[in-house]
Amino acid sequence: MKGPAGARGRRRVAIVGGGAAGVMTAWLLDGVHDVTVFERAAHWGGHIHTVQAEVGGQALPVEMGAEFLFEEGYGGTLGVIDRFGLERWTRPMVVSLTLDQGQTTFAMPPYSVVTTLASLRPATLRRLWWLRALAARAEAIADAGDWTPTVRDLIAQTGMPTDVAEAVVIPLIASSWGIEREQAAALSAYCVVRVMGLRLKHRPHAVVVQGGLGRYIDALVADAPAVDFRLGATVEPILVRDGALCLRVDGRPHDFDEVVLACDWHNSGALCAGDGRLAAWRAAFAAVQDTHARVALHRDPRFMPRRRRHWCNANFDLTLDARPRTTIWSGRATGLPVFRTWLRPGEDPPPSTSHLAEYRHVAMVPEHLHRQARIAALQGDGGVWAAGMYTAGVDNHESALRSALRVAERLAPGAERVAWLAQQISG
Ligand SMILES: Cc1cc2nc3c(=O)[nH]c(=O)nc-3n(C[C@H](O)[C@H](O)[C@H](O)COP(=O)(O)OP(=O)(O)OC[C@H]3O[C@@H](n4cnc5c(N)ncnc54)[C@H](O)[C@@H]3O)c2cc1C
């Protein structure tokens, strides 16, 4: 027993979805309630998915989903990584931008004599000046915490010329999420600033975990011995019967007192479609707006800037009219040719692709804040709860842990782990 159970005593709790939010909820409730986690995939972690890329007989751990964590704003995630003694360090984040039909590539921040010289052209200096003006404005947006202004509004507030906005800023944001330009312009500027770290106060340094981020998820699973974790378990729509919530998993019924939906909004909505008493939940999930991304892990250097000396952690090819493209140099630390590219719609993955992943991403538009409030107001209704990055805060990994904490604070108030995580997140 890790702490007192909720006001209603020890409960049978099902958690549907074994991404960071689901696994963290399970770890927080371990020993407090009788917890079962159902994950339909063959691995824990959801968007945290470390795979092994084989290059020249070497295995390199590479992230297929979430990769970039920062020292600012990730107190919960880093607290857990440290609690389990996982080795971590930081590396400076440098990005390249390729523009003008591939004629110009420059790095931000300039990190060597070569990339600095590349920035000394008048057209590039002008763009850098405006990016700096945008970052200065972003500082105030981040501090105010106001979701209302869109990216388009932020651009207008800085007085940025149209050519810089249309050729640099909007495609840069669009390529970061693998979305269309209009979708990028409509995002909440606050969310974009927080997720991309577009601020001037800190030079961004990304956190690297030895062996990959998947190790911290595995550590949480291993440290929750009373939880029944089930992989490859697909859950069918919830039925309400005799005061219990019945989940059919691979054809077999299981009764629970509480169900935490820690999968995405589409699957959560589908799970609430089986009983009219869950209609309010279903409507709340249906209101969430999303975008799609397809990510290929490959070895094709043609997706990178033409000159190798311009290769950075993240490389934004803004020359493509249809949809600009991002390629992460996953092998940067070792110099190996391992890349991760956000493919354009209908684009074939390169022949050297070893892993391909499809993701549904939440569109962090200003209205999403109201959708989160609607979900928050429903928490616990009919014994159903919602966890997941999209239910709390901005589109980053820390939000997944925040969402788990919110649910656990209600289901296991006073539990030791709950108090500990709350302190990590707020501290
Ligand atoms: C491509 C990509 C890159 C990202 N990069 C970053 C980054 O660099 N930094 C950052 O901070 N954040 C990043 N994010 C945000 C990321 O979404 C969050 O970091 C977080 O990992 C989301 O966790 P979650 O538990 O809310 O959802 P998920 O990880 O999506 O977990 C949901 C789980 O539910 C399971 N599931 C769904 N339906 C069912 C069902 N019916 N039955 C059983 N199981 C089901 C799924 O298989 C999945 O495992 C990225 C997201 C994407 C898509």
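The values are calculated or read from the model by the stated rules, or taken from the named source; none is laboratory data. Because the structure is predicted, anything quoted here is derived from the model rather than measured. Reconstructed Cβ throughout: ideal geometry from the backbone, glycine too, with neighbour counts over all protein chains shown.
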Just to check your reading of the model, which residue among 182, 166, 139 is among the charged types (D, E, K, R) and closer than 17 Å to residue 108 by Cβ? 139
Kindly establish whether residue 414 is in contact with a Pro (Cβ under 9 Å, 6 or more places away or on another chain) and either within 16 Å of the ligand (Cβ to nearest atom) or modelled with pLDDT under 95 (or both). yes
For the stretch 326-344 the number of residues that are over 13 Å from residue 298 (Cβ atoms) and buried (at least 19 other Cβ atoms within 10 Å of the Cβ) is 1
Across the stretch 47-87, what is the total count of residues that are more than 16 Å from the ligand (Cβ to nearest atom), in contact (Cβ under 8 Å) with a residue 60 or more places away in the chain and within 21 Å of the chain's Cα centre (by Cα)? 1
Given the residues 291, 326, which is the only one that is out of contact with any Ser or Thr (no Cβ under 7 Å at 6 or more places or on another chain), of a type outside the set (Asp, Glu) and under 21 Å from residue 176 (Cα atoms)? 291
For the stretch 36-46, which positions are outside any loop (DSSP other than H, G, I, E, B) and within 8 Å of the ligand (Cβ to nearest atom)? 38, 45
Identity of the residue in the stretch 238-263, assigned to a loop (DSSP other than H, G, I, E, B) and modelled with pLDDT of 95 or more, that ends up surrounded by the fewest Cβ atoms within 10 Å (Cβ to Cβ): 257
Does residue 223 count as more than 20 Å from the chain's Cα centre (by Cα) and under 25 Å from residue 51 (Cβ atoms)? yes
Just a yes or no: is a residue in the stretch 47-58 surrounded by 20 or more Cβ atoms within 10 Å (Cβ to Cβ), touching a strand residue (DSSP E or B) at 6+ places or on another chain (Cβ under 9 Å), in a helix (DSSP H, G or I) and not assigned by TED's automatic domain parsing to the domain that holds residue 228? no
Out of the residues in the stretch 16-35 that are within 8 Å of the ligand (Cβ to nearest atom) and either among the β-branched types (Val, Ile, Thr) or under 10 Å from residue 226 (Cβ atoms) (or both), state the one that is surrounded by the fewest Cβ atoms within 10 Å (Cβ to Cβ). 16
If you check 224, 185, 174, 144, which single one turns out to be free of Cβ contacts under 8 Å to residues at least 40 places away in the same chain and out of contact with any Leu (no Cβ under 7 Å at 6 or more places or on another chain)? 185
